[in-house]
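The values are calculated or read from the model by the stated rules, or taken from the named source; none is laboratory data. Keep in mind that this is a model prediction, so the values were computed, not measured. Here the Cβ positions follow ideal geometry from the backbone for every residue, glycine too, while neighbour counts run over all protein chains shown. For the accessible areas, the whole protein counts, side chains as well, though only heavy atoms, and no ligand, DNA or RNA atoms are used. Shrake-Rupley method; radii C 1.70, N 1.55, O 1.52, S 1.80 Å.
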Amino acid sequence: MFFKVNDLKDLQEAMERLCEHLLRFEIPMESIFDSKLVVSELVGNVLKHSDGIASLHTEIKDGLINLKITSTKPYLLPEKSVCSDVFSEHGRGLFLVDSVCLTRTQTSDGEILVTLKVKK
């Protein structure tokens, strides 16, 4: 499934359609929640920090949810995430993404590739 995301309203609509799509494949709610967390954080960061238009491509295959996020103006993520301290207002999102994903990689042209295992 493919989504083009210009702004936060589009992001909300894309997440709703993604949930519907995952439900059609009988993906458990815990995996749907994890997918929403990943999409919200990563696409939200692209919109916030790159001033570009984001695209989201999803694929369900062999018990995995694969997400590919691209942007017209790439936003490069740090390779390793760390949880910010308890008093920080920001800085936990990527750490949470990494805690629910099997893999998170980024290509040299800025594509963000994420794999989540479908939980039973």
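Observations
- Pairs from LYS48/LYS119; LYS80/LYS117; LYS4/LYS61 whose Cα-Cα separation, in the structure shown, is over 28 Å: LYS48/LYS119
- Positive-end residue, the chain charge dipole about Cα centroid, Cβ charges, pick of GLY52, HIS21, GLY110: HIS21
- The residues of the chain expose, per residue, 61 Å² of accessible area to a 1.4 Å probe.
- Global form of the range 17-57, assessed from the alpha-carbon gyration tensor, a/c cut-off 1.5: prolate
- Over the residues of the chain, the helix contribution to mean residue ellipticity at 222 nm works out to -13000 deg cm²/dmol, using -39500 (n - 2.57) for each DSSP H run of at least 4.
- Near VAL118, the amide H atoms lying under 5 Å from its own belong to LEU64, ILE65; only residues 5 or more places off or on other chains count, and H is placed 1.01 Å from N.
- Computed from backbone phi with θ = phi - 60° and the Karplus coefficients 6.51, -1.76 and 1.60, the 3J(HN,Hα) list for the range 97-102 is 4, 5, 6, 9, 9, 6 Hz; x is used for glycine and proline.
- Gyration tensor (alpha-carbon) shape descriptor, the range 77-120, a/c threshold 1.5: oblate
- Per-residue SASA remark: ASP7, around 70 Å² accessible (1.4 Å probe; ligands, DNA and RNA not included).
- When +1 charges are put on Lys and Arg Cβ atoms and -1 charges on Asp and Glu Cβ atoms, the dipole computed for the chain relative to its Cα centre reaches about 200 debye.
- For the range 1-92, the relative contact order works out to 27 percent when only alpha carbon pairs closer than 8 Å and six or more residues apart are counted.
- Exposed chymotrypsin sites (Phe, Trp or Tyr not before Pro) absent - longest run of the chain, DSSP non-H/G/I/E/B, at most 11 other C-beta within 10 Å: 26-86
- Anisotropy class of the range 38-120 from Cα gyration tensor, a/c 1.5 cut: oblate
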